[in-house]
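The values are calculated or read from the model by the stated rules, or taken from the named source; none is laboratory data. No experiment lies behind these values; they were computed from the predicted model shown. Here the Cβ is made from the backbone with ideal geometry for all residues, glycine too, and neighbour counts use every protein chain on show. What goes into the accessible areas is simple: the full protein's heavy atoms, side chains included, and nothing from ligands, DNA or RNA. Shrake-Rupley method; radii C 1.70, N 1.55, O 1.52, S 1.80 Å.
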Amino acid sequence: MIAHLKGREQALEALGWKGTKAEWIALVCLHSGVFSRAQLRDRLGIHRGTARRFVRAMSDRNLAAEETVEGRKVCRIYARSLYRALGAEHIRHRRAASTEVLLRRLLSLDYVIEHAGLPWLPTEDEKVGAFEAFGIGRALLPVKVYCGAAGTTRRYFPLKLPIALDSGRALFVYVDPGHETSTALRSWGCAHRGLWRALTQQGRSVEVVAVVRRDRETERARRVMRGWAEATGPVEPVADFRGEITRIKQAIRGMDDALVEELGGLQGCLVRIVELEDRLGSARPRTAIDGFATWRSTRVSGDMF
């Protein structure tokens, strides 16, 4: 059982899918819309022939179609009936997409199926709802505005990348489908900065994982994320606080009666020391995230695609 699916795969029984096959379809529809036969085989522990028959059965029932991405076949589940049964009828995963987007979706799924036990938030509504439950408003969430004849539509977390969230930890997954520079990663981080800050202020750990296809993307992502995790300087001048505390303590010992009088006597000095120590405790170096890692896919690697 995959806990974060919350039993939604059972809704597919009415459409003829049960057990691990229904679970797989739900996992794919909610996280990517596309999958490779290698992912299917590894997740379900089946042979090539069984995987081939599964894909053919979906195609014969007009539920999915195989497409070619960088010379390799991938299966895209497009049937509205499946998404409707899962409560995600309007998710864009079912639509055809560019090679870059398809690779990003495949890599997202690859990470999720290897870490299926994490508390993932599969859909936009679940992501938004979870953060709002923590008191974090939509103004701090990554958003993209689409304009059309019917008006404007706001899509939160527009890249639809995986997020896992519990009471103490938030895990954000970034996927690099093979970009030549770190511009996209930096832009993604910038869009999440306000949300990360809000989570940190609530005492929650913020971690980022970059999913990549090649070694060159691994080191590039590490450099960027290392910068996010390193201190960017104290909130307030720590040395000044410590220096003033030392001067007040010396004044109390009889070294500066004028300062003691200026601060309101012994009681005033003690109050001032407490104030400074409180400010010193909050004047910690600021970081965007608490930890980071990279994860290289072997099923959607640069060698295979």
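The figures follow:
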| quantity | calculated |
| --- | --- |
| Meets criteria (modelled with pLDDT of 80 or more, surrounded by 12 or more Cβ atoms within 10 Å (Cβ to Cβ) and closer than 30 Å to Phe172 by Cβ) for Ile289 | yes |
| Residue list for region 70-107, filter: open to solvent by less than 50 Å² (accessible area, probe 1.4 Å) and either more than 25 Å from the chain's Cα centre (by Cα) or at positive phi (or both) | Ala79, Ser81, Leu82, Ala85 |
| Some residue of region 93-116 being part of a loop (DSSP other than H, G, I, E, B) and touching a helix residue (DSSP H, G or I) at 6+ places or on another chain (Cβ under 6 Å) | no |
| Residues that are over 22 Å from Trp196 (Cα atoms), aliphatic (A, V, I, L, M) and out of contact with any Ser or Thr (no Cβ under 7 Å at 6 or more places or on another chain), drawn from region 100-143 | Val101, Leu102, Leu103, Ile113, Ala116 |
| Output for region 16-34, where each listed residue is assigned to a helix (DSSP H, G or I) and open to solvent by 60 Å² or more (accessible area, probe 1.4 Å) | Thr20, Lys21 |
| When residues of region 163-172 are limited to those that are among the aliphatic types (A, V, I, L, M) and over 18 Å from Leu106 (Cα atoms), the one most open to solvent (accessible area, probe 1.4 Å) | Leu165 |
| Answer from Glu114, Glu70 - the residue that is of a type in the set (D, E, K, R), modelled with pLDDT of 95 or more and within 20 Å of Gly178 (Cβ to Cβ) | Glu114 |
| Hits in region 68-90 (condition: hydrophobic (A, V, I, L, M, F, W, C), in contact (Cβ under 8 Å) with a residue 40 or more places away in the chain and part of a loop (DSSP other than H, G, I, E, B)) | Leu86, Ala88 |
| Filter result (of a type in the set (A, V, I, L, M) and closer than 20 Å to Glu9 by Cβ) within region 59-85 | Leu63, Ala64, Ile77, Ala79, Leu82, Ala85 |
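Let's see how each residue does on (1) on the phi > 0 side of the Ramachandran plot; (2) under 16 Å from the mean Cα position of the chain (by Cα):
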{"site": "Leu109", "(1), (2)": "no, yes"}
{"site": "Pro119", "(1), (2)": "no, yes"}
{"site": "Gly129", "(1), (2)": "no, yes"}
{"site": "Ala139", "(1), (2)": "no, no"}
{"site": "Arg155", "(1), (2)": "no, yes"}
{"site": "Lys160", "(1), (2)": "yes, yes"}
{"site": "Val175", "(1), (2)": "no, yes"}
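Let's see how each residue does on (1) crowded, with 16+ Cβ neighbours inside 10 Å; (2) not in a loop (DSSP other than H, G, I, E, B):
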site: Ile136; (1), (2): yes, no
site: Ala139; (1), (2): no, yes
site: Val145; (1), (2): no, yes
site: Thr152; (1), (2): no, yes
site: Arg155; (1), (2): no, yes
site: Pro158; (1), (2): no, no
site: Leu161; (1), (2): yes, no
site: Tyr174; (1), (2): yes, yes
